[in-house]
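Here is the structure we will look at, set down as structure tokens.
Every read-out reported here was derived from the displayed coordinates using simple, explicitly stated rules and does not represent laboratory data. Note that this is a predicted model, so its numbers are computed, not measured. Here Cβ is always computed from backbone atoms with ideal geometry, including for glycine, and neighbour counts include all displayed protein chains.
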Amino acid sequence: MAIGYLSIQARTANDAVPLEGVSVKVLDDAGNAVYTLTTDENGETQTVPLETVDKSFSQNPYYSGTPYINYNVLAQAAGFNNLYISNIPIFDGETAMLPLTLIPMQELQRSPAQAEINIGGPAISMPVRRNQEGSVASPYVLRQVVIPNPITVHLGAPGASASNVQVSFPDYVKNVASSEIYPTWPEAALTANIYAIITFALNRVYTEWYRSRGYSFDITNNTAYDQYFVYGRPIYDSISRIVDRIFNEYVRRQGQNAPYFTSFCNGTTSTCSGLSQWGTVTLADRGLTPIQILRSYYPDDIEIAETNIVTGVLSSYPGSPLKTGSSGLNVQTVQTYLNRIRKNYPAIPTITDETGTFGNSTKNAVAKFQSIFGLQSDGIVGKSTWYKLSSLYSSVTRLAELDSEGDTLGIGTVPPSSILRQGSRGQDVITLQYLLNVISEYYPGIPAPTQDGIFGSGTRQAVIDFQEAMQLSPDGTVGPLTWQALYKVYLGIVQNIPPTGSGEDTFEYVVKAGDSLWLIARRYNTTVDTIKSINGLTNNMITTGQILKIPAGQNAPYIEYTVQSGDSLWLIARKYGTTVDAIKTLNGLTSDQLNIGQVLRIPEV
């Protein structure tokens, strides 16, 4: 019997928060537990071996059986709804990396619900006829080829009522390739297929194929129109490695900038004028390279082009890898990203190299980051590592910004009484948009509207998507029931998402103009060295707006305050020039609820 492998990652908020202590059962088709696993501080389980079918069957287009064995996974964690994933294909010699996106329980929810995802077989085994249509000639064409990060995927036919999900572009390509073909194919065949998948998606974005028709997504997962995407599916290691190398490369005709319309089908039960997926295996076995395989199905003058324009990242890849001996601003950027990310992923070692110098500690931190996120663990920052660092840094800082905004807005526990609809403006709209932004971090089907205090079409769409997810009437109007649901979900997130950091008892402090490490240390009865150690700082330089973790020890100076009628944590924090998180940490509070007469410790500022 052949052996394949399964590894599981439990994370949330676009990977910003690892979920430790998740109980994971791997089950066979009869429901027997093959393994019982627990996620570590990085949200990962150990990689486990599983029996499967010899890979030769998945490399034979005439084999009519199932060339893999399916397994099922049940994930459970305190404060989260259960997740059951069925029919996970395990292939001979392949490691399947299964992401678990757990949804926090709502406030006052007594027991966890259970979400179910069915993975099933790849599209290559489906006898469905494909009818992909597309063009590079459109009146709605972008000027440049851009990597959409994230890309918005509609989970159904274009006109069907279905959810949209947003995923990073590399993860989208890995998902589609894992959903379309078998990961056991020769590398040249896999690479040719992945080039076709990348280019097909970029063609949809470049020509604004769906958005120019009034849709709020970039592409669908319906194989009759586009390419297969299965939300929540495992990604195979052989596919992941190739995508990391070429995710920003695409097929075009010489002399043209536009991504070619790279239609494809399986070439056996379904035929088309584009690429034959099974045919790529035959050509790879003959020794053809990926570009030679592609030219066998598309025009002879096609070539591979590259774009470094990636949306949603803070800075573009510098163009060449960073490694031991490198120096300068780009190295400093990498160190800044890693120092912030390690607050959420403390397994990443502290960087002790001089700022802007890529020494051994920077290499070790990069290698650990790569290991955690399934990248080649070589300690070199190539384009895939650079973009993953940038994307994750954006995610973790975004959460910190949202936490800070919540303190400023004083969300509290009681919803506003106003009724909002498209055209509404004001503070309650800002509150609505803030709640949707927080919720969108944990619910992939809910988009994040712009926080501008104006209830426009984007906010209305986010409200509709939220209402559908909560099984409310999707009318786009925010009345009492929608307000109540928003607060239940939001407060459930606040109560159930675990704190991130080094495990020390800390709170977050936003650096203000005039601050220094010495002043902050004195204010909170700690030392400069302690603050530097917790935050991975290598010098005393801090900047306005920077977020620092501060020890919240029992010896920190405080005053006592007795809660009065009308008080809220936000009002008290504002009155004494501190933060809601600082008060909650000092008092061991797990919610924002207060009682009249309650005595609170307030940090002295």
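Over all distinct Cα pairs, what is the inverse of the mean 1/r for the stretch 336-455, reported as the Kirkwood hydrodynamic radius in Å? Walk me through the numbers before you get to the answer.
On the way: mean 1/r = 0.0594 Å⁻¹.
Every distinct Cα pair counted, the radius reaches 16.8 Å.
Along the stretch 326-338, what does the Karplus equation 6.51 cos²θ - 1.76 cosθ + 1.60 (θ = phi - 60°) give for ³J(HN,Hα), rounded to whole Hz, x for Gly and Pro?
Taking θ as phi minus 60°, the curve returns 5, 8, x, 5, 5, 5, 4, 4, 4, 5, 4, 4, 5 Hz for the stretch 326-338.
For the stretch 469-484, just list the computed ³J(HN,Hα) in residue order, Karplus coefficients 6.51, -1.76 and 1.60, θ = phi - 60°, integers in Hz, with x standing in for Gly and Pro.
For the stretch 469-484, the Karplus curve yields 5, 9, 6, 9, 5, x, 9, x, 9, 9, x, x, 5, 5, 4, 4 Hz.
With every atom except the alpha carbons ignored, what do you get for Rg and Dmax of the chain, in angstroms?
Using the Cα atoms of the chain, the pair Rg, Dmax is 25.4, 81 Å.
Over the stretch 416-457, what relative contact order in percent results from Cα pairs under 8 Å that are six or more residues apart? Numbers along the way, then the final one.
On the way: 44 pairs, mean separation 21.1, N = 42.
The normalised contact order for the stretch 416-457 reaches 50 percent.
Can you list the HN-Hα couplings for the stretch 110-122, worked out from phi with the Karplus curve (6.51, -1.76, 1.60; θ = phi - 60°), rounded to whole Hz and with x for Gly and Pro?
Using θ = phi - 60°, the values come out as 7, 9, x, 7, 9, 8, 10, 10, 9, 7, x, x, x Hz.
So for the chain, averaging the separation of alpha carbon pairs under 8 Å that are six or more residues apart and normalising by length, what relative contact order in percent results? Intermediate values should be presented prior to the final figure.
Details: 1224 pairs, mean separation 69.6, N = 605.
Over the chain, the number comes to 12 percent.
Could you sort 54-67, 112-125 so that the peptide with the highest average Cβ count within 10 Å comes first and the rest follow in order?
My ranking of the peptides, most packed first, is 112-125, 54-67.
Tell me, Kirkwood radius of the stretch 151-306 from alpha-carbon pair distances, in Å?
The answer is 15.6 Å.
Report, by chain and number, residues whose modeled amide H sits under 5 Å from the one on Gln598, excluding near sequence neighbours (fewer than 5 apart, same chain).
The answer is Val563.
Could you line up Cys272, Cys265 from fewest to most neighbouring Cβ atoms inside 10 Å?
Values: Cys272 16, Cys265 24.
Placing the least packed residue first, the sequence is Cys272, Cys265.
Could you pull out every residue, at least 5 positions away or on a different chain, whose amide H is within less than 5 Å of the one on Ile69? Hs are placed 1.01 Å off N in the peptide plane, and Pro or chain starts have none.
Placed amide hydrogens put Val53, Ile90 under 5 Å from Ile69.
Can you list the residues, at least 5 places off or on another chain, whose amide H is less than 5 Å from the amide H of Ala2, using H built in the peptide plane?
Placed amide hydrogens put Thr52, Asp54 under 5 Å from Ala2.
How would you order 429-439, 537-547 from highest to lowest mean count of nearby Cβ atoms within 10 Å?
Sorting 429-439, 537-547 by mean packing, highest first, produces 429-439, 537-547.
Report Rg (one decimal) and Dmax (nearest whole number) for the stretch 2-120, counting Cα atoms only, units Å.
15.5, 55
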